[in-house]
Structures are given as structure tokens and as C-alpha cells.
Amino acid sequence: MMEKFVYLFDEGNGNMRELLGGKGANLAEMTRIGLPVPFGFTITTQACNAYFESGQTIPKIIEEQTLEALAILEERMGKN
């Protein structure tokens with residue numbers, strides 16, 4: 001299984017602070033408990049590390065996962 005670098009808000013929770021960062025974890029938790037949070041996603045802290053490890057270029061896998069997340073958001077918002 002490939003590493004996951006992008007999480008939709010409804011895929012995370014408040015316990016994922018180390019992976020999603022404080023804001024990402026809080027948005028995921030608010031979504032999880034049913035607060036009216038707009039659709040969105042968080043790019044993980046590991047993605048940031050991968051960016052620097054690859055000479056400050058975005059690895060293809062992160063770009064692909066980001067585009068997939070954008071497509072899901074567009075679909076959920078009726079923008080497809």
C-alpha cells in the first residue's frame with residue numbers, strides 16, 4: 001500500500017495532530033462530530049518532509065493524491 005499524503009477532512013480525527021498538524025486535525029475532528037465545516041483536505045506533515053527530501057520538488061505521488069482530493073471535492077460540491 002502506498003503512503004497516504006492527503007486526507008479529506010472526513011478521513012481524519014482530532015487524534016491525528018502529529019500527521020495532520022493542529023489545524024488539520026481540528027478541522028477533521030469538527031467534521032467528524034458533525035459541525036458545518038466546508039469540504040476540504042489536509043496535506044500531511046510527511047508530505048512536507050518528502051518535499052524537502054526530494055530537493056524542494058513535489059513528489060509525483062503527492063501531486064496525484066492532491067488532484068484526486070480536488071476531484072472528490074469538486075464532485076461533492078457539484079462542480080464536476
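The values are calculated or read from the model by the stated rules, or taken from the named source; none is laboratory data. On a predicted model such as this, the values are computed, not experimentally measured, just so you know. Using ideal geometry, Cβ is built from the backbone for each residue, glycine included, and neighbour counts are taken over all protein chains shown.
So which residues in region 1-14 are outside any loop (DSSP other than H, G, I, E, B) and surrounded by fewer than 17 Cβ atoms within 10 Å (Cβ to Cβ)?
Once the filter is applied, which keeps residues that are outside any loop (DSSP other than H, G, I, E, B) and surrounded by fewer than 17 Cβ atoms within 10 Å (Cβ to Cβ), region 1-14 yields ASP10, GLU11, GLY14.
Have a look at GLU3, GLU29, GLU11, GLU53 and point out the one that is of a type in the set (Asp, Glu) and more than 14 Å from the chain's Cα centre (by Cα). From the options GLU3, GLU29, GLU11, GLU53, the qualifying one is GLU53. Can you pull out the residues in region 58-80 that are in contact with a helix residue (DSSP H, G or I) (Cβ under 7 Å, 6 or more places away or on another chain) and either at pLDDT 95 or above or under 22 Å from GLY14 (Cα atoms) (or both)? Within region 58-80, ILE58, PRO59, ILE62 meet the criteria.
A residue that is surrounded by 12 or more Cβ atoms within 10 Å (Cβ to Cβ), charged (D, E, K, R) and at pLDDT 95 or above occurs somewhere in region 15-31. Select from region 32-53 the residues that are among the small types (Gly, Ala, Ser) and part of a loop (DSSP other than H, G, I, E, B) and write down the one among them that is surrounded by the most Cβ atoms within 10 Å (Cβ to Cβ). Taking the candidates together, the pick is GLY40.
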